Amino acid sequence: MLETKYDHKKVEENKYKTWKEKGYFNAGDMSKKPFTIVIPPPNVTGKLHLGHAWDTSIQDVIIRYKRMCGYDALWLPGMDHAGIATQAKVDRKLKDEGINPREMDRDEWLKRAWAWKDEYAENIHDQWAKLGLSLDYTKERFTLDDGLSRAVREVFVKLYNEGLIYRGERIINWDPEAKTALSNEEVIYKDVKGAFYHIKYFIEGTDEFLEVATTRPETLFGDTAVAVNPEDERYKHLIGKNVILPIVEKKIPIIGDEHADMEFGTGIVKITPAHDPNDFEVGVRHNLERVVIMNPDATMNELCKEYAGMDRFTCREKVVERLEKDGLLIEIEEITHNVGHSERTDVMVEPYLSKQWFVKMRPLADAVLENQKNKDTKVNFVPERFEKIMNHWMEITYDWCISRQLWWGHRIPAWYKGDEVYVGMEAPDGEGWIQDADVLDTWFSSALWPFSTLDWPIKSELLDRYYPNDCLVTGYDIIPFWVNRMTFQGLHFTGKRPFKDCVIHGLIRDKQGRKMSKSLGNGVDPMDVIEKYGADALRYYLVTEVSGGMDLKYDEEKLASTWNFINKLWNASRFVLMNIEDLKEEEYTLENLKIEDKWILSKLDHTIKDVRRYLDKYEFNNAGASLYGFIWECFCDNYIEMSKFSSDDVTTKSVLYHVLSSILKLISPFMPYVSEEIYSMLPFKDEESVTISKYPETDSKNEYSTNTVDDMIEFIKTFRTFKLENKIGKDFGVKYNVDGDYRLIQNMLRIGGNEIINREYNSSHDVIYKDYSIKVLYDKDDEGDSETLKKRIAELKSSITRRQNLLANEGYTSKAPKNIVDAEREKLKEEEEELKRIKG
RNA sequence: GGGCGCUUAGCUCAGUUGGUUAGAGCAUCUGCCUUACAAGCAGAGGGUCUGGGGUUCGAGUCCCUAAGCGCCCACCA
């Protein structure tokens with residue numbers, strides 16, 4: 001028998017291991033229709049956070065539901081090598097050991113990185129297990145696996161041969177800490193206090209100067225022109241002349257270019273083509289020299305005279321001091337502006353001229369935009385609005401910088417010999433070829449995840465059967481990084497969308513609404529939550545708390561209340577199990593149903609219908625609310641109470657059994673542990689585990705009208721309210737004013753017998769609801785109608801007036817749908833009758 | 001600058017294609033140890049749905065508009 005209290009620790013012990021050993025999570029039943037989800041691979045950098053718990057819980061609910069619905073459900077697990085993030089962590093660890101990672105042999109370093117990966121992958125496995133995720137580990141993948149690496153090379157080589165990958169010298173976002181290029185998506189813009197330095201650039205051979213305003217005076221070493229707008233009346237006559245570059249004392253031309261905004265600042269811009277993306281474009285138009293003035297670590301290089309070797313920020317100070325001394329500094333205007341920072345290392349990104357590999361995005365993005373117009377082949381976002389985010393990105397996207405100056409990742413399959421470049425799956429024959437030292441952006445391999453995990457480019461059974469994936473679940477924050485890229489790569493290489501549905505959830509925030517982050521220290525470890533409330537509570541809370549796509553404010557009180565809900569289910573089960581202990585399978589029957597049996601079976605049927613409908617639409621909050629209401633209100637508060645008066649009846653037992661086992665199945669995708677625990681204690685069952693049982697289906701046999709019992713319940717409530725408001729204790733009498741079936745009402749109110757009048761009372765009151773009317777006899781000191789009665793009369797009167805007015809309105813009766821108007825008339829009639837009865 | 005979201009009970013959130021008197025959990029108040037559960041039960045109170053305008057017989061829901069909060073994208077010499 002069950003303990004009186006739900007103990008999540010006991011319940012969640014050992015079950016996962018059994019499920020895994022039994023192979024419940026393994027896909028491959030070819031007789032069934034496949035349903036696939038591929039997990040968003042977590043980074044092997046560390047622990048899973050609450051966001052992962054949310055993301056994976058949603059997926060587990062979907063996949064368990066589909067599995068129970070009879071699909072060959074594959075949920076493929078895997079992890080991401082997470083290039084820059086992992087490399088930074090491994091480097092830090094090495095530094096802590098006193099080792100300079102960049103002085104290590106590359107292969108030695110990689111050994112350390114793989115050791116790190118193994119360690120953290122185990123952590124993640126443990127956490128997945130605690131969460132109870134039904135992953136098919138036989139198909140687990142890692143982005144650096146041989147197969148996936150092959151897929152990466154294949155894609156690189158093909159895109160290169162198609163002219164969609166190229167190598168070029170461009171201004172890229174440079175992370176001086178990690179010393180690597182970054183993509184635009186890896187740059188976070190933050191408001192930073194800075195200044196406009198107004199500097200005099202003297203016009204060659206004159207005493208006149210141009211007032212140039214810049215936020216980055218230290219880059220003047222790389223200036224190769226000064227631009228004014230060609231339409232600018234103030235300066236256009238100067239175009240073609242030269243200015244003397246301060247400190248450097250070099251002549252540079254004044255050019256006319258539309259990049260110079262007449263309205264902004266002084267209208268004069270210094271042009272530094274090697275250190276600013278806009279200036280780079282200007283440089284291309286005017287054929288300007290590109291002078292790189294920094295080293296990869298963002299210190300100034302040898303072109304910067306005595307400033308060489310200085311950090312860029314120190315250099316700025318020194319240059320400003322020097323300009324001031326030379327009388328070239330006009331003004332320092334303090335401003336706040338947006339400056340790019342590296343997503344991973346948080347250092348200020350340096351726009352930097354360097355040779356990198358790029359994916360030419362335009363044709364790939366256009367293909368996505370085209371495909372999204374086709375209802376049958378598009379990626380369906382849930383909620384729909386997130387499609388706009390992808391489409392917008394596709395519209396404005398520009399070439400993707402994919403090379404990273406890191407060690408941890410897929411080596412770029414390009415080899416160089418002098419000026420020759422070879423791109424191929426394997427190293428070219430012949431002597432003297434040197435492979436590109438760089439690796440690919442992590443997201444390059446992630447972009448292939450939906451099919452590279454299924455053996456692509458090998459045309460295997462896996463790929464054939466499980467691709468496209470049915471569903472992808474992820475947060476809206478990684479649509480640009482990942483969803484978009486999977487979509488264009490999927491389309492380009494398989495000719496199909498990578499997944500049919502893309503279910504988007506929000507971010508987890510703290511109680512104040514702030515994003516959870518390491519720096520704020522407001523993060524919550526899902527393992528701590530599981531320790532305290534159990535995985536079932538955490539899962540149910542996360543999955544059902546908010547509607548789709550919304551952020552979730554983490555609130556521990558809600559977990560406590562979810563725990564209470566499970567405890568309620570636990571105790572209801574305890575009651576049922578106690579009552580059906582002796583129920584034999586062969587006795588089980590749903591014949592000879594009493595009215596309350598029909599009522600609960602019908603309510604169950606509705607719940608099944610709702611939950612299925614909501615789950616099919618990925619509306620987990622609605623599914624949760626539906627289950628919660630059914631379990632607590634319909635089953636516990638009403639049916640169980642009613643059943644206590646016919647507990648020896650084999651039909652009652654059968655109904656209790658039927659409803660409980662249905663509840664366990666319905667809730668199993670959300671709460672796999674507790675449902676399993678209780679299911680295992682049923683006297684007989686369809687399957688050895690609820691995990692592999694069949695998800696309940698609606699049954700037209702159970703479509704009974706629930707009105708009668710609903711009305712009785714309303715009557716019971718009215719009666720109780722009356723008693724409470726009039727402080728009536730146990731001493732009162734009742735008289736039945738109207739004939740009818742009062743059995744349930746009597747039982748629930750414990751007023752057994754048709755008539756109880758123990759003695760004379762000085763007061764009485766009719767409690768009436770719809771077809772039921774009971775006179776309550778009691779002692780009362782003061783006179784007059786009871787509050788309950790007054791309230792009901794007032795309620796009825798106002799409602800009747802409202803309905804009369806509504807029905808008198810011709811616009812309403814002529815334009816509103818007939819069934820709604822009829823229902824209105826019907827209700828009016830009922831209320832009028834009730835009022836008449838009350839007033840006697 | 002462009003776009004998106006949010007604003008509903010004290011708090012956290014639901015609210016299907018417009019259709020009774022807007023719901024839930026927590027919190028509050030009242031009464032209960034009623035043998036499944038006091039982490040519970042039975043009740044109660046609490047909302048001019050951010051403001052303004054419009055469409056409609058009818059608006060929390062659709063349209064316009066204003067405000068506050070949050071996010072995304074772009075620009076910022």
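The values are calculated or read from the model by the stated rules, or taken from the named source; none is laboratory data. Computed from a predicted structure; not experimentally measured. Backbone-built Cβ (ideal geometry, glycine too); neighbour counts: all protein chains shown. Accessible surface is based on the protein model in full, side chains and every heavy atom, while ligands, DNA and RNA are left aside. Shrake-Rupley method; radii C 1.70, N 1.55, O 1.52, S 1.80 Å.
List the GluC sites (Glu not before Pro) within region A:666-739 that DSSP assigns to loop and that have no more than 15 neighbouring Cβ atoms inside 10 Å.
Filter output for region A:666-739: A:687, A:688, A:697, A:703.
Which of A:337, A:472, A:520 sits closest to the plus end of the dipole of chain A, meaning its Cα is farthest towards the positive end, when Lys and Arg get +1 and Asp and Glu get -1 on the C-beta?
Value computed over the given set: A:472.
What value does chain A have for Rg/Rh, both radii from Cα atoms and Rh as Kirkwood defines it? Don't jump to the answer; show the numbers that get you there.
Working: Rg = 36.3 Å, Rh = 32.6 Å.
Across chain A, the Cα-based Rg/Rh ratio is 1.11.
Using only protein heavy atoms and a 1.4 Å probe, report how much of residue A:793 is accessible, in Å² to the nearest 10.
The accessible area comes out at roughly 30 Å².
With the dipole of chain A worked out from charges on the C-beta (+1 for Lys and Arg, -1 for Asp and Glu) around the Cα centre, which of A:495, A:109, A:71 lies farthest toward the positive end?
A:71
Considering amide H positions built from the backbone, and no H for Pro or chain starts, which residues 5 or more places from residue A:274, or on another chain, come under 5 Å of its amide H?
Result for residue A:274 returns A:291.
Work out the FRET efficiency for residue A:437 and residue A:137 from their Cβ-Cβ distance, taking R0 = 45 Å, and round it to the nearest 0.05. List each step's numbers first, then the result.
Working: r = 35 Å, r/R0 = 0.78.
The value I calculate is 0.80.
Please work out how much length the chain gains when fully extended from residue A:585 to residue A:355, using 0.36 nm per residue of separation minus the C-alpha to C-alpha distance, in nm with one decimal.
Numbers: separation 230, 0.36 × 230 = 82.80 nm, distance 7.48 nm.
This chain segment gains 75.3 nm when fully extended.
Keeping all protein chains in the complex and leaving out DNA, RNA and ligands, what accessible area do you get for residue A:680 with a 1.4 Å probe, in Å² to the nearest 10?
The accessible area of residue A:680 comes to roughly 70 Å².
Multiply the residue separation of residue A:145 and residue A:22 by 0.36 nm, subtract the distance between their alpha-carbon atoms, and state the gained length in nm to one decimal. Could you put the intermediate results ahead of the total?
On the way: separation 123, 0.36 × 123 = 44.28 nm, distance 2.68 nm.
Taking 0.36 nm per residue and subtracting the Cα distance, the gain is 41.6 nm.
How would you classify region A:266-349 from its alpha-carbon gyration tensor, with a ≥ b ≥ c the square roots of the eigenvalues: rounded for a/c under 1.5, else prolate if a/b is greater than b/c, otherwise oblate? It would help to have the intermediate numbers written out before the result.
Details: a/c = 1.21, a/b = 1.07, b/c = 1.14.
Rounded, since a/c falls under 1.5.
Using a 1.4 Å probe on the protein heavy atoms, what percent of the accessible area of chain A belongs to carbon and sulfur?
On the way: 17970 of 38460 Å².
That share works out to 47 percent.
Just in region A:702-756: which trypsin sites (Lys or Arg not before Pro) are loop by DSSP and have at most 12 other Cβ atoms within 10 Å?
Values: sites: A:717, A:720, A:723, A:727, A:730, A:735, A:743, A:750; in loops: A:727, A:730, A:750.
Answer by residue number: A:727, A:730, A:750.
Can you find, among A:255, A:670, A:747, the residue farthest towards the positive end of the dipole of chain A? Put +1 on the C-beta of Lys and Arg, -1 on that of Asp and Glu.
Checked the options; the winner is A:747.
Go ahead and run the numbers for FRET between residue A:110 and residue A:775, Cβ-Cβ distance against an R0 of 60 Å, rounding to 0.05.
Values: r = 88 Å, r/R0 = 1.46.
Calculated value: 0.10.
Over region A:340-458, what relative contact order in percent results from Cα pairs under 8 Å that are six or more residues apart?
Values: 118 pairs, mean separation 25.5, N = 119.
So the answer I get is 21 percent.
Take residue A:798 and residue A:641, extend 7 Å from each Cα along the Cα→Cβ direction, and tell me the distance between the two endpoints in nm.
2.6 nm
Loop only per DSSP, at most 14 neighbouring Cβ atoms within 10 Å: give me the trypsin sites (Lys or Arg not before Pro) in region A:432-488, ordered by residue number.
Working: sites: A:459, A:465, A:485; in loops: A:459.
Counting only loop positions with at most 14 other Cβ atoms within 10 Å, the trypsin sites (Lys or Arg not before Pro) in region A:432-488 are A:459.
Just to confirm, what accessible area per residue do you get for chain A at 1.4 Å probe, in whole Å²?
Numbers: 38460 Å² over 840 residues.
So chain A comes to 46 Å² accessible per residue, rounded to a whole number.
Which FRET efficiency, nearest 0.05, do residue A:332 and residue A:417 yield, Cβ-Cβ r, R0 51 Å? Can you show the working numbers first?
Details: r = 52 Å, r/R0 = 1.01.
That gives a FRET efficiency of 0.50.
Enumerate the lysines that residue A:594 could reach by cross-link, defined here as Cα to Cα under 22 Å, with residues fewer than 8 away along the same chain left out.
Output for residue A:594: A:584, A:603, A:644, A:653, A:701, A:717, A:770.
For the residue pair residue A:511 and residue A:820, what label-to-label distance in nm results when each label sits 7 Å from Cα along the Cα-to-beta-carbon direction?
That separation, rounded to one decimal, is 4.3 nm.
Give or take rounding to whole Å, what are the principal axis extents of the alpha carbon atoms in region A:369-473, in descending order?
Here the Cα extents, ordered largest to smallest, are 54, 37, 25 Å.
For residue A:370, tell me the accessible area in Å² from a 1.4 Å probe, rounded to the nearest 10.
Spelled out: residue A:370, probe radius 1.4 Å, area about 110 Å².
Helix by helix, which DSSP H runs in chain A go 18 Å or more along their axis at the Cα atoms and have an average Kyte-Doolittle hydropathy of 1.0 or more? Before the final figure, lay out each step's value.
Working: long enough: A:50-68 (26 Å, -0.29); A:83-96 (20 Å, -0.84); A:106-131 (37 Å, -1.44); A:146-161 (22 Å, -0.07); A:312-325 (20 Å, -1.07); A:556-580 (36 Å, -0.07); A:595-616 (32 Å, -0.73); A:650-667 (25 Å, 1.15); A:707-725 (27 Å, -0.24); A:787-808 (31 Å, -0.65); A:818-839 (32 Å, -1.70).
Helices meeting the criterion: A:650-667.
About its Cα centre, how strong a charge dipole does region A:346-491 have in debye, to the nearest 20, once Lys and Arg get +1 and Asp and Glu get -1 at the Cβ?
Details: 14 positive and 22 negative charges, 90 e Å.
Roughly 440 debye, rounded to the nearest 20.
Report the label-to-label distance for residue A:425 and residue A:808 in nanometres (one decimal), using points 7 Å from each Cα along the Cα→Cβ vector.
8.5 nm
Can you list the residues, at least 5 places off or on another chain, whose amide H is less than 5 Å from the amide H of residue A:225, using H built in the peptide plane?
A:271
Quick one: compute the contact order of chain A, relative version, from alpha carbon pairs under 8 angstrom and 6+ residues apart, as a percent.
Numbers: 1423 pairs, mean separation 106.0, N = 840.
About 13 percent, as a whole number.
Send over the per residue convex hull volume for region A:657-739, Cα only, as a whole number of Å³. Mind dumping the intermediate values first?
Details: hull volume 16.5 nm³, N = 83.
Each residue corresponds to 199 Å³ of Cα convex hull volume.
Please give the length that would be gained between residue A:684 and residue A:525 if that part of the chain were fully extended, namely 0.36 nm times their separation in residues minus their C-alpha to C-alpha distance (nm, one decimal).
Details: separation 159, 0.36 × 159 = 57.24 nm, distance 3.88 nm.
Extending this stretch completely gives an extra 53.4 nm.
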